[in-house]
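Heads up: the structure comes next, in structure tokens.
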Amino acid sequence: MPIQSSTQAQPQNNTYLGMWVTGDGRIRQELLATGRYDEARGNRQSAYQGRYVVTGERIDYWDDTGFTADGTFIDNDTLHHGGMIFYREQRLLCELRFSSGDLAIAFCRRATRRCRDL
């Protein structure tokens, strides 16, 4: 369980800022530079919000409702949190091939490793 050092969010300056997404895209968590996070689940925007602190590869969360959690960054693009695996989301140029054989090039907002699977 994370140790709460302060009840106020502290600005964060780390390499993990940005959007993190589960492989199926259902859960999206944005780590903001303000030290706050905003998590969406399915169609529910801002399902959970709170503050976070990154120390090394560890992330500690304090939800606004009082819930606490933690996670571990396995590498720069992979986060293990709450029994789930999140991937850093990037806007990538993806090549999509349809069953008809047609080819389309499009920007997709997918978790890094999932986009490679298209």
| query | Checking THR65 against (1) more than 12 Å from the chain's Cα centre (by Cα); (2) without any contact (Cβ under 8 Å) to a residue 40 or more places away in the chain; (3) closer than 14 Å to GLY82 by Cβ, which single condition isn't satisfied? | reply | (3)
| Residue list for the range 16-44, filter: surrounded by 18 or more Cβ atoms within 10 Å (Cβ to Cβ) and part of a loop (DSSP other than H, G, I, E, B) | GLY35
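So that you can scan it fast, the table gives a plain yes or no per residue for (1) touching a strand residue (DSSP E or B) at 6+ places or on another chain (Cβ under 6 Å); (2) over 15 Å from GLN90 (Cβ atoms); (3) at pLDDT 90 or above:
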site: ILE3; (1), (2), (3): no, yes, no
site: GLN8; (1), (2), (3): no, yes, no
site: TRP20; (1), (2), (3): yes, no, yes
site: ARG26; (1), (2), (3): no, yes, yes
site: GLY35; (1), (2), (3): yes, yes, yes
site: ASP38; (1), (2), (3): yes, yes, yes
site: ARG41; (1), (2), (3): yes, yes, yes
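The values are calculated or read from the model by the stated rules, or taken from the named source; none is laboratory data. These numbers come from a predicted model, not from an experiment. Note: ideal-geometry Cβ built from the backbone for every residue, glycine included; neighbour counts use all protein chains shown.
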